[in-house]
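For reference, the structure is listed below as structure tokens.
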Amino acid sequence: MKIILFDIDGTLVKAGGAGARALDFAVETMTGHKKACDSIQLQGATDKTNFVNAFAAGAGRKPTKRELDTLTRKYVDRLPHEVLRSVKAKKYLKVKGVEKFLDRLAGRKDVLVGLGTGNLKDGAFIKLEPSGLMKHFAFGGYGCDSHHRSEVLQKAVQRAARIARTSIKDGEVFVIGDTHRDVEAAKEAGYHSGVVLDGFGDRALIMRSNPELLARDFSNMKPWLIWLGLEKDPRGVRRGTYICPDSPIEHAHYGRTGLDLRDIELGMRKLREAKRKAAGKK
Ligand SMILES: [Mg+2]
């Protein structure tokens, strides 16, 4: 059994800033402070953490338990309105190719698809509602489960195990997100990690977090399916060494899938051509 956990914001949909506006609204009604979210980093953190930070930005102190509950309620009450505003302004978008990708996964009996998101459960459903993607997600781990993203993911896997009525090994879990925090949480829990670059993540931080798969979006399903082990790489996997004469790099090791290898071969050909040209000009 393979468990695939999707982050929401920037991975499935982009809600056009609806979450931040709803949180700004909630903080403003409680503290009078406008645009609290401008001064905090929302992406990749759980809602719980964001709520505490946004309240603190407005009030100059952390919220009490009761204040946090009120803030949460105000946020959830306001969110549908803000999501609708994004839809009307055509700022609510689905990440490219995600619908077809999910349809494809839905056809597999050996796959369970769920959510692994920092959103509160209520917030997650509200944000996904206009996308029509909700039907694909039978379970999930949510921001209300824990402050820590890795625990959110583990909670999702526990729920998956209950549904599948089997135990699930860490190596069978694949986490798909759009920030380095998704990757770090996946690694912390011992799961696989893949990232879409077209979301809200910081590229340099994503690179540093070193996910197993990087792709712009889901418009090309092939690398995703190969990564998930649901399709074989038509060109197989090759490992070896390139020798790079006359360059500061003596040789480079590679262990790439055949699809990746095409890029390397193309790069090598270009390098050789450039060298030939340079030599001819001398
Ligand atoms: Mg995200």
For S167 and K90, calculate 0.36 nm times their separation in residues minus their Cα-Cα distance, and state this gained length in nm to one decimal.
23.5 nm
Sort 78-86, 116-124 for me by packing, meaning the mean count of neighbouring Cβ atoms within 10 Å per residue, highest on top.
116-124, 78-86
Binned at 5 Å starting from 0, the alpha-carbon pair-distance distribution of the range 1-136 in whole percents comes out as 2, 10, 20, 21, 17, 12, 8, 5, 3, 1, 0
In deg cm²/dmol and to the nearest 500, what is the mean residue ellipticity at 222 nm of the chain if only DSSP H runs of at least 4 residues count, each as -39500 (n - 2.57), divided by the residue total?
-14500 deg cm²/dmol
Listed here are the pairs K222/K275; K94/K232; K96/K277; K127/K222; which of them are more than 31 Å apart at the Cα?
K222/K275; K96/K277
Rank K35, K91, K270 by mean-square fluctuation in a GNM of the chain with C-alpha springs under 10 angstrom and give only the top-ranked residue.
K270
How big is Rg to Rh over the chain, alpha-carbon atoms, Rh as the Kirkwood inverse-mean-distance radius?
1.06
Which translational diffusion coefficient, to the nearest whole µm²/s, is obtained for the range 17-88 from the Stokes-Einstein equation, given a Kirkwood hydrodynamic radius over C-alpha pairs, 20 °C and 1.002 mPa s?
181
Would you please put 48-54, 26-32 in order of how densely packed they are, using the mean number of other Cβ atoms within 10 angstrom per residue and starting with the highest?
48-54, 26-32
Normalising by the residue count of the chain, find the relative contact order in percent from Cα pairs under 8 Å and 6+ residues apart.
19
Give me the number: length gained by fully extending Q41 to K109, i.e. 0.36 nm times residue separation minus the C-alpha to C-alpha distance, one decimal in nm.
20.6 nm
Picking from R73, R272, R181, which is most flexible by a Gaussian network model of the chain using Cα springs under 10 Å?
R272
Given all pairs of distinct Cα atoms, the range 87-203 yields a Kirkwood Rh in Å of 14.9
If one builds a Gaussian network model of the chain from Cα atoms under 10 Å apart, the most fluctuating residue listed among V157, V95, V87 is V87
Gyration tensor over alpha-carbon atoms, the range 66-128, equivalent ellipsoid semi-axes in Å
28, 18, 7
Between R216 and K62, what's the calculated FRET efficiency when r is the beta-carbon distance and R0 is 35 Å? Round to 0.05.
0.35
Given labels modelled 7 Å from the Cα in the Cβ direction, how far is it in nm from F200 to E265?
4.1
Go ahead and run the numbers for FRET between A138 and D77, Cβ-Cβ distance against an R0 of 25 Å, rounding to 0.05.
0.40
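Values quoted throughout were computed directly from the atomic coordinates according to the rules given, and no laboratory measurement underlies them. Predicted, not measured: the structure shown is a model, and the values here were computed from it. As a convention, Cβ positions derive from the backbone with ideal geometry for all residues, glycine included, and neighbour counts pool all protein chains shown.
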